[in-house]
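The structure's right below; bear with me while I get my questions together.
The values are calculated or read from the model by the stated rules, or taken from the named source; none is laboratory data. These numbers come from a predicted model, not from an experiment. Positions of Cβ are generated from backbone atoms using ideal geometry, with glycine treated the same way; all protein chains shown enter the neighbour counts.
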Amino acid sequence: MASTKKSSPRVALVTGGNRGIGFEVCKALAAKGLSVVLGARNRELGDAAANVLGVKAVWLDVTHRSSVEAVMKAIGPVDVLVNNAGVYPAGTVLDAKGDAWRAAFETNFFGALSLCRAFVPAMMDRGYGRVVNVSSGYGSFAEGLDGPAPYSLSKALLNALTLKLSSEVRGDVKVNSACPGWVKTRMGGPGADVSAEDAADTIVWLATLPASGPSGGFFRRRKRIAW
Ligand code: NAP
């Protein structure tokens, strides 16, 4: 008799999933049948968002090593990692305060690095993984590293992480950066021209790429852009 056993759904961890782009990414991945783990640094906000979507919530502050370790223990290996959590500290190279630099690099770069180091080795062991680093056009040298200095430099470094890690992974493990555009969220503000739902599209596309898909690239509206 033919087996009717169904394979279990892919597991996706999304950081900063309680609102904005991350929330829409969780919603879209769940709609595609993935088992979504919504990471949030505020437990109540995370639980509330996860309840709306019918997905699992975990407490995940990407700047806390203990929080990342606790999530690893609680959920085990994941197939998809979306490093979405981000902050947008203001200032120029010469006037930004130390706190702004620390917040930008600790969240936007070291947070993503820590999640990659926690979850990518098991992806390689299992032969499958999709990592999406949610970056920004402000992190592109080719686009002039526009925007506040702590933010743009932290996103440039996040892009460098994408490229470097993509050269280290083995098996069907892909690592890409996404630029969501200027998005109507708390970070982007009400004047932005892209909805959070539309912004999620490229991220979800990268998170569910087939084996023939690209790795080590930077994408906006599903098209490759220059670093
Ligand atoms: P948002 O509405 O401000 O949401 C940011 C999310 O990140 C929130 O869930 C926030 O949690 C979370 N977060 C911040 N620090 C965290 C930490 N240490 N640990 C865990 N979560 C943390 O911003 P968004 O527009 O959705 O941005 C999502 C991503 O897109 C960011 O990486 C951003 O840089 C990128 N992006 C946005 C735009 C834009 O125009 N909006 C453009 C380009 C790139 P709390 O709710 O607890 O604060």
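Sort out which residues of segment 1-58 are near the ligand (Cβ under 9 Å from one of its atoms) and not in a helix (DSSP H, G or I), and write them in order of number.
T15, G16, G17, N18, R19, G39, A40, R41, N42 - these are the residues of segment 1-58 that are near the ligand (Cβ under 9 Å from one of its atoms) and not in a helix (DSSP H, G or I).
Also, quick follow-up: Find the residue count for segment 146-164, including only residues that are closer than 15 Å to R117 by Cα and either within 12 Å of the ligand (Cβ to nearest atom) or touching a Ser or Thr at 6+ places or on another chain (Cβ under 7 Å) (or both).
Residues that pass the stated criteria total 2.
Same structure, new question: Considering only segment 120-138, state which residues are in contact with a Leu (Cβ under 9 Å, 6 or more places away or on another chain) and without any contact (Cβ under 8 Å) to a residue 24 or more places away in the chain. Show your work before the answer.
Residues of segment 120-138 in contact with a Leu (Cβ under 9 Å, 6 or more places away or on another chain): 120, 123, 129-136, 138.
Residue satisfying the conditions is Y138 alone.
So, in segment 201-212, of the ones that are closer than 13 Å to V80 by Cβ and within 15 Å of the ligand (Cβ to nearest atom), which residue ends up surrounded by the fewest Cβ atoms within 10 Å (Cβ to Cβ)?
Of the residues in segment 201-212, the ones closer than 13 Å to V80 by Cβ are 203-209.
From what is left, the residues that are within 15 Å of the ligand (Cβ to nearest atom) are 203-204, 206-207.
Details: I203: 26, V204: 22, L206: 26, A207: 26.
For segment 201-212, the residue satisfying everything is V204.
Which of the residues spanning segment 3-22 are closer than 19 Å to A196 by Cα and either aliphatic (A, V, I, L, M) or touching a strand residue (DSSP E or B) at 6+ places or on another chain (Cβ under 8 Å) (or both)? Steps first, please.
The first filter runs over segment 3-22 and keeps only residues closer than 19 Å to A196 by Cα, leaving 12-22.
Selection gives A12, L13, V14, T15, G16, G17, N18, G20, I21, G22.
Continuing with this model, one more query. For segment 109-125, name all the residues that are surrounded by 19 or more Cβ atoms within 10 Å (Cβ to Cβ) and touching a Pro at 6+ places or on another chain (Cβ under 8 Å).
F119, M123
In addition: Within segment 1-40, which residues are within 21 Å of G76 (Cβ to Cβ) and in contact with an Asp or Glu (Cβ under 6 Å, 6 or more places away or on another chain)?
Those that are within 21 Å of G76 (Cβ to Cβ) and in contact with an Asp or Glu (Cβ under 6 Å, 6 or more places away or on another chain): R10, V11.
Please find, among E69, E106, E44, the residue that is surrounded by fewer than 23 Cβ atoms within 10 Å (Cβ to Cβ), under 29 Å from L145 (Cβ atoms) and among the charged types (D, E, K, R).
Values: E69 fails: under 29 Å from L145 (Cβ atoms); E44 fails: under 29 Å from L145 (Cβ atoms).
Testing whether each residue is surrounded by fewer than 23 Cβ atoms within 10 Å (Cβ to Cβ), under 29 Å from L145 (Cβ atoms) and among the charged types (D, E, K, R) leaves just E106.
Can you list residue pairs whose Cβ atoms sit under 6 Å apart, with the first residue in segment 7-28 being surrounded by fewer than 24 Cβ atoms within 10 Å (Cβ to Cβ) and the second being of a type in the set (S, T, Y)? Count only pairs 6 or more apart in sequence or on different chains.
P9/S35; V11/S35; G20/T185
On to the next question. Taking the residues in segment 161-182 that are part of a helix (DSSP H, G or I) and of a type outside the set (D, E, K, R) as candidates, determine which candidate is farthest from A211 (Cα to Cα). Don't jump to the end; show me each part of the working.
First pass over segment 161-182, keeping only residues part of a helix (DSSP H, G or I): 161-168.
Next, from what is left, pick out any that are of a type outside the set (D, E, K, R): 161-163, 165-167.
Values: L161: 21, T162: 18, L163: 18, L165: 17, S166: 14, S167: 16 Å.
Only one residue tops the list, namely L161.
Yes or no, residue by residue, for (1) modelled with pLDDT of 95 or more; (2) among the small types (G, A, S); (3) touching a helix residue (DSSP H, G or I) at 6+ places or on another chain (Cβ under 8 Å):
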site: L53; (1), (2), (3): yes, no, yes
site: W59; (1), (2), (3): yes, no, yes
site: S66; (1), (2), (3): yes, yes, no
site: A70; (1), (2), (3): yes, yes, no
site: D79; (1), (2), (3): yes, no, yes
site: V82; (1), (2), (3): yes, no, yes
site: A118; (1), (2), (3): yes, yes, yes
site: G127; (1), (2), (3): yes, yes, no
site: V132; (1), (2), (3): yes, no, yes
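List every residue pair whose Cβ atoms lie under 9 Å apart, where the two residues are 6 or more positions apart in sequence or sit on different chains, the first residue falls within segment 60-77 and is within 17 Å of A103 (Cα to Cα) and outside any helix (DSSP H, G or I), and the second residue, located anywhere, is within 11 Å of the ligand (Cβ to nearest atom) and among the basic types (K, R).
L60/R41; D61/R41; V62/R41; T63/R41; H64/R41
Give the number of residues within segment 78-118 that are farther than 22 Å from E44 by Cβ and part of a loop (DSSP other than H, G, I, E, B).
Selection size over segment 78-118: 12.
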